[in-house]
Amino acid sequence: MEGVIGFTTLFAGNFAPKYWDFCNGQTINIASNTALFSILGTTYGGNGTTTFMLPNLKGRSVIGAGQGPGLSFYSLGQAGGLESVSLTPQQMPAHVHPVSYTIIQDSNTGASASTPTNNTYGSDSSGGTPYATPANIGLKPFAGNIAMANAGSGSVPLSIVDPYLGLNYIICEYGVYPSRN
């Protein structure tokens, strides 16, 4: 499969075609491929005297070099990014969690009942004295908010990996030398 030297593409096979190699960050001897070295240089590593390196795209997404409108600048060969982050309390916006709840008055059902009134057990039927006499008042449901002070993330990493499909990046090592415009 002839291509343009330095051209990088995705390949669905589990092998690199003839004249191509995987983009796995391999160290290449300059003397064995001066044409590819003249295109890549030491952008992806190597000492520039005897060795250079292929791009390492294992487990990485690719982003266009340069700067789009309103976006950050990325230089050719720049690597970065994280698979997960741990949020700190300073990164969490102030917020509340609304909650609704109903207070149910204690029932007069004995503590040994299998299905007490309002699912609330009352005093023990053994004749013990309850700690307090239940008041005969009606409590109404109400809603409120719960606000937590210093609620942090607990340092649990949050995954920020996009949906993915594993394919191989390959680079053309031997083929047509690209001409400049």
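The values are calculated or read from the model by the stated rules, or taken from the named source; none is laboratory data. This is a predicted model, so every value here is computed, not measured. Quick reminder, even Gly has a Cβ in these numbers, built from the backbone with ideal geometry, and neighbours come from all protein chains shown.
When residues in the range 13-38 are screened for being crowded, with 17+ Cβ neighbours inside 10 Å and β-branched (Val, Ile, Thr), 2 of them pass.
Yes or no: the range 78-89 includes at least one residue that is in a helix (DSSP H, G or I) and farther than 30 Å from Leu167 by Cβ. Yes; the residues of the range 78-89 include at least one that is in a helix (DSSP H, G or I) and farther than 30 Å from Leu167 by Cβ. In summary, Gly68 fulfils each of the numbered conditions (1) under 24 Å from the mean Cα position of the chain (by Cα); (2) at pLDDT 95 or above with the single exception of condition (2). Can you work out which of the residues in the range 7-36 that are free of Cβ contacts under 8 Å to residues at least 40 places away in the same chain and part of a loop (DSSP other than H, G, I, E, B) is nearest to the chain's Cα centre (by Cα)? Taking the candidates together, the pick is Gly25.
If you check Leu10, Leu82, Leu87 for being at pLDDT 95 or above and either surrounded by fewer than 12 Cβ atoms within 10 Å (Cβ to Cβ) or of a type outside the set (Val, Ile, Thr) (or both), only one passes: Leu10. Ala12 - would you say it is of a type outside the set (Asp, Glu) and farther than 14 Å from Ile170 by Cα? When the stated conditions are applied, Ala12 does not pass them. Screening Thr49, Thr43 for residues that are exposed (fewer than 10 other Cβ atoms within 10 Å of the Cβ), of a type in the set (Val, Ile, Thr), under 21 Å from Asn29 (Cβ atoms) and at pLDDT 90 or above leaves exactly one candidate, Thr49.
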